[in-house]
Each structure stands twice: as structure tokens, then as C-alpha cells.
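Worksheet: the structure to be examined is printed underneath.
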Amino acid sequence: MNKLIWPNGAKCAFSFGWDLDGDTIWRNKVVNIPNGENYIRSRSIGLYGIMKGAHRILDIMEKYKLKSTWFIPAENVERYPELIQDIVSCGHEIANHGLDHSDFYGNTIEEQLNNISQSQDIIRRITGKSAAGFRLTGPLLPEAEEILSKDNNTLYFSYDITEEKIDFHTVNGNRTSVVKLPCPLGLDDYIQMVYSSYPQVLVGQPRIAPYKDVLSNFIREFEGAIRFGSAITSAFHPQVSGTPGKAEIIERLCEYITSNSDVWCTTCEEIATHWKKCMEEDTHVCK
Amino acid sequence: MFVNKAKWPNGMNNAVMISVNLDAEYYVRIFDPDLSADNKSFQDMGQKSIEIGLPRLLDVLNRYGIKATFFVPGAIAEKYADALYSVAELGHEIACHGYEHEHMGVLSREEQYKVIQKGIKAIQNVCGKVPAGFRAPEGEITTDTLILAKELGFSYSSSLYANDTPYYNDLGTSKFLEIPIHWSLYDLPYFAFDFSPCIPSGQSRIACSDKVLNNWKWEYDGFHKYGACYVLQLDPQCIGSQGKIYMLEEILNYIIEKGGAWFATGCEIFDYYDELKEKLK
């Protein structure tokens, strides 16, 4: 793999990706079981992110002077406009994370594009501009993906948990002008620490990981990114990492990042913009 | 700063509520709320938790001079009436955890009403006092569950996860104090295990107790830093076992050494919030 050079000689680029899912993911799990639409308990786990976690994360980002990207289902953008304003006013990026975090965008190309434009309309109405980045919550038809990729507003997709390399997104093997920013599994707090016995999250009821091990996993992922010159983002969740103890994991990660000149930490939008410009100008890239 | 520290009585830094879920054999319904507890292995676990774990847990609480809040299913209060009566006699708060650890989310409003009422009566009969606190048995609940709990006279709920300081659940026509909990501060999800039926359902290996204690300490560091309300959930069949009771001693030492902790029962937290509400009027 070619090694890329990032601003100020950094060896890797990273953006905190904060998925402000709120209770959407919890509601979507129970809504189709009898009486499930009236369940409030597991949903309250998600609401932690709205009621407390998001603001705590904003405080931590501010303490370390870091900018980040917030992937927010449009439903939450509409429900919590004041919180969204707080995020925007701190200089963070708002990105598209579906309409309601459903994995179903529609049966046809038109339905899917309509679903996406609905979410973009909401984001534009509340924040003043459309999202440049997407972390899709489900699959799109290739034709819909192609049309979305050709939209001038679309700068990047952040989705691939198996990839490490920043690249141009392809549809049916054809390169688009949209940047693909990988989000490795190793930088997901949810899969290591979320817990609910009923509904089972995670399925099988595995134990909550030791926080120290989680931090160690995160740091190892960064060491790898530095070693191989990657550009990555995270799937962190204010409802998970926003609790007082897990926020300590984030603080220690911030300490690592800010004391390490090998890491360029900024928003996904800036990483994608910078990389795309370098590729187009063929500069700052070691081959 | 968006998040400000909460205020606690007498300038204390943060609150600590030691809560005990005295589930006995119903602990299995945490992992599968629709499972029957009528199984010899579960019954044995339940009985041992009362005979071995509970006295050991009470001994630690007594040594540290801490009053805890015991959430008990009514049927367990009746089955182990002498044990529960002695817990109440020691000055711990006895609160309600359903009757047979029912899965409230699948019951009708009327059924929910009946089982909560039955749970209250059982505790009243055994301890001579109506419980003020309600923790919904694990499994799902509906807003009706909280409305009924309030109607039936409870002062507070400690069933939801949406914050780290007490807040008010909006029940439409009224508000109901919630003392929120967190799965990471509960012993059983880290350690419960049974071969048949599988608990946890994926039979993951039990956690390393030192590392769990470490998670509790990390969380305590945060709760202390942010002045939040640290609610530990313990079950004597877990924390009361010979290999785990040290965890309680160590976390209590850790909390006490850091200073500024207001150890409170659910009722004491309710009283404090009630006073605040009066002052704001």
C-alpha cells in the first residue's frame, strides 16, 4: 500500500465519528414485536446519548481542541435542534446517517433517493447546509448509489468496516468521484461495551469488555494506522462512550492523539477534501 | 462547559447508592424475562444466595456502616420472609421488584397493576412497611408501568438508563423521579452462568473479576469527576460469593478514599430531590 503524507507530516489521518443514534436503533429493534412500539426501557439506553452523553463528548472535544464528525439520523436532527446547534456551534461537522436509522431505504431507485433527499432536507433546514458525508444505515441499489455519487453535494461515504485504505468509492466496479473513508471495526465502542439483556444487545449477551482493554484496542488501531499510513474514522456512540467512566477512555484516547504528531485529527469532511485534492493534483502523495 | 456537576446535600461531591437486587431464583429472568424459574438448579442458586451470599453482603455493609436499598420480588419476600425481615431490621431500605419478576412489557395494564400491587402487599406483610421505591423487573416496560407504579404510591423508580443523575420521567399528567442505572455497574451481567438453559444465551465465559472491579473504578472516577449519582446493582448470589465479596470491599475502599461521596438510599435521594422541588416552587 502506498504511504500517504498528511498535513504537518502526520502519518495517518483520523476523524472522531460520533453516531448520535439516540433511541432510533433501540426502537427499530423492538418496534415490530407485539406491543414493542410502547417499550421504553431499552430505548432509554439510547436516550442517554441525547440527555447527557453528547454534551459530555462536546466538552471533551473542546478540552482537547479537537474537531469531529457527527453522524446523525435526520429524525434526531429534527427532534433535537438545540443539541444540533450546540454541536455545530462547537465547529463539528454534521453528516448524514439515514432518515431514521432504518436499514431499508426503499424498494425502488426513486424511493431510495427520495428517502435520502428527505434526510438532507431536514439537515439543511436545521443546520443551514446539506451533509457532505454519508454513513449509510443500509444498502442502496447501485443505480441509486450512482446518482447519489454524482450529486455535487456528496463528498464522501464512511462505511467500510473491512477496509483500511482511503480510496474513491466504486459502483459496479466503476470509480466515482466520491471518497471512501474506512471505519474499522476496531474503532467501534458499541460492539465492545454496549449491553442490554432484553432485547439482547449484543445477541448472545456477551460480557461488557474491560475498559482498559477497549482503550488498548483503540490505541493499537492507531498504531497500525500510523504504521500503514491510513485515513480512518470511528463509530463511537455518545450513548456508550458518554457515560462518566467510558468518557475516561475517550479522554485518554484524546491525550494520545493530541500528544502524537503522527496523527492528523480533524473532521471527515476535511480529510476527504484534502485527500481528494492531493489525488487530483497528484501532490503530497508518496508513491 | 455544557455539563455541570450536580449538587448534593451538605456540599457532598457525588451520590453513591448501593442497590441490591434480591432476585434469588428469578435472576434467570434478567437474561430471559419469559423463562420459568421453576428449575432445581435455579432454585438452589436462589436459596444459596439467601443463605450464604446475603449474610456475607450484610456483614460488609454493616462494617462500612452503609445502608443499601434492596429491590425484592414479592414472592421472594414471602419465601424468605425471615431473611428479608432481618434485612429491614438492620435499617436497609426494602423496595419493590415486581411479584415474580414479571415481564411487564408483555402484560396488559390490568395485569401489571395486579402484580405490582401484589409485590407491594408482600413486602408490607413481611416488613410492616409499604415500599417507596420501584425497580421494574428486567425485561421491557411501558410508560403504563411507570404510571401504575406512581398511582400505586411509589415515590421513585430506578429502572431506566437515560442519565447519570436523577431526573423526572414525564408521565403526561405527572412527573416521576427516576434514579437511573447502568448495566456496566451491575455484577450479574459479567458473571451469571448456567449450562441449561444457556445463561447468558451465548454462553460467553465469565469475566475476570479484577477487570470488572476495574470497570467499576473507571466509572467511579468519572462519576466522582462529574458529581453524578453512582448506582451499583448487586446480587448476593454473585457479589456475596467467597471469590467476589472482595470486589465490594475494594470498591467501597476506593470510594471512601476519594472522599466526598454521599452514600444514600433511594428514599434519601428522593427526599433530597423533593426538597429541591419545594425550594424551586
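In the structure displayed, which of A:LYS65/A:LYS150; B:LYS5/B:LYS277; A:LYS29/B:LYS5; A:LYS212/B:LYS48; A:LYS67/A:LYS180 lie more than 22 Å apart, Cα to Cα?
Result: A:LYS65/A:LYS150; A:LYS29/B:LYS5; A:LYS212/B:LYS48 exceed 22 Å.
Just to verify a number: FRET efficiency for A:GLU163 and B:LYS40, C-beta to C-beta distance, R0 = 60 Å, to 0.05? Let's see the in-between values first.
Working: r = 51 Å, r/R0 = 0.86.
With a Förster radius of 60 Å, E is 0.70.
How well do other chains shield peptide B:161-171, expressed as the mean number of their Cβ atoms within 10 Å of each residue Cβ? Don't skip to the answer; put the middle values down first.
Working: counts 13, 15, 8, 9, 2, 0, 2, 0, 2, 0, 0.
The mean count of partner-chain Cβ atoms within 10 Å per residue comes to 5.
Would you tell me the mean number of C-beta atoms belonging to other protein chains that fall within 10 Å of each C-beta in B:138-146, as a whole number? Spell out each step's value before the answer.
Values: counts 4, 6, 13, 6, 7, 3, 2, 4, 2.
Average neighbour count from other chains, rounded to a whole number: 5.
Please report the spacing between the Cα centers of region A:171-223 and region B:34-76 in Å, no decimals.
Taking the Cα centre of region B:34-76 as reference, the centre of region A:171-223 is 36 Å away.
Non-local amide H neighbours of B:TYR230 (under 5 Å, H modeled in plane, Pro and chain starts lacking H): which ones?
So B:TYR230 has HN proximity to B:ALA15, B:VAL16, B:MET17.
First measure r as the distance between the Cβ atoms of A:ARG175 and A:ASN114, then evaluate 1/(1 + (r/R0)^6) with R0 = 22 Å and state the FRET efficiency to the nearest 0.05.
Numbers: r = 26 Å, r/R0 = 1.19.
Approximately 0.25, to the nearest 0.05.
With +1 on each Lys and Arg Cβ and -1 on each Asp and Glu Cβ, and nothing else charged, work out how big the dipole of the protein assembly as shown is about its Cα centre, in Debye to the nearest 20. Don't jump to the answer; show the numbers that get you there.
Working: 55 positive and 75 negative charges, 219 e Å.
Here the size comes out at about 1060 debye.
Per-residue Cβ counts within 10 Å, from other chains only, averaged over A:213-221: what number is that? Let's see the in-between values first.
Details: counts 4, 2, 1, 0, 0, 0, 0, 0, 0.
Going residue by residue through A:213-221 and averaging, the value is 1.
Using the basic label-point model (7 angstrom from Cα toward the beta carbon), what is the B:SER204 to A:VAL31 distance in nanometres?
In this crude label model, B:SER204 to A:VAL31 measures out at 2.7 nm.
What distance in nm separates the two pseudo spin-label positions at B:LYS5 and B:ASP194, each 7 Å out from Cα along the beta-carbon direction?
Once both label points are built, they end up 4.4 nm from each other.
For A:ILE87, A:ILE147, what ranking results if the residue with the fewest other Cβ atoms within 10 Å of its Cβ goes first? Provide the component values of the computation, followed by the final result.
Numbers: A:ILE87 25, A:ILE147 18.
Going from least to most buried by this count: A:ILE147, A:ILE87.
Take the alpha carbon atoms of region A:19-94, find their center, do the same for region B:184-236, and report the distance between the two centers in whole angstrom.
Cα centroid to Cα centroid, the span is 25 Å.
Please report, in cubic angstrom per residue, the volume enclosed by the convex hull of the alpha-carbon atoms of region B:123-262.
On the way: hull volume 22.0 nm³, N = 140.
So the per-residue Cα hull volume is 157 Å³.
Ranked by Cβ crowding within 10 angstrom, fewest neighbours first, how are B:PHE70, B:PHE191, A:PHE134, A:PHE228 ordered? Walk me through the intermediate numbers first.
Values: B:PHE70 29, B:PHE191 20, A:PHE134 25, A:PHE228 14.
Result, fewest neighbours first: A:PHE228, B:PHE191, A:PHE134, B:PHE70.
Mind jotting down a quarter of the surface of the convex hull over the alpha carbons of chain B, in square nanometres, one decimal? Walk me through the intermediate numbers first.
Numbers: hull surface 59.5 nm².
Taking a quarter of the hull surface, the average projection is 14.9 nm².
Coordinate-derived values only; no laboratory data. Bear in mind the structure is a predicted one, so any value in this text is a computation, not a measurement. A quick note on method: Cβ atoms are made from the backbone with ideal geometry, for glycine too, and the neighbour counts reach across all protein chains shown.
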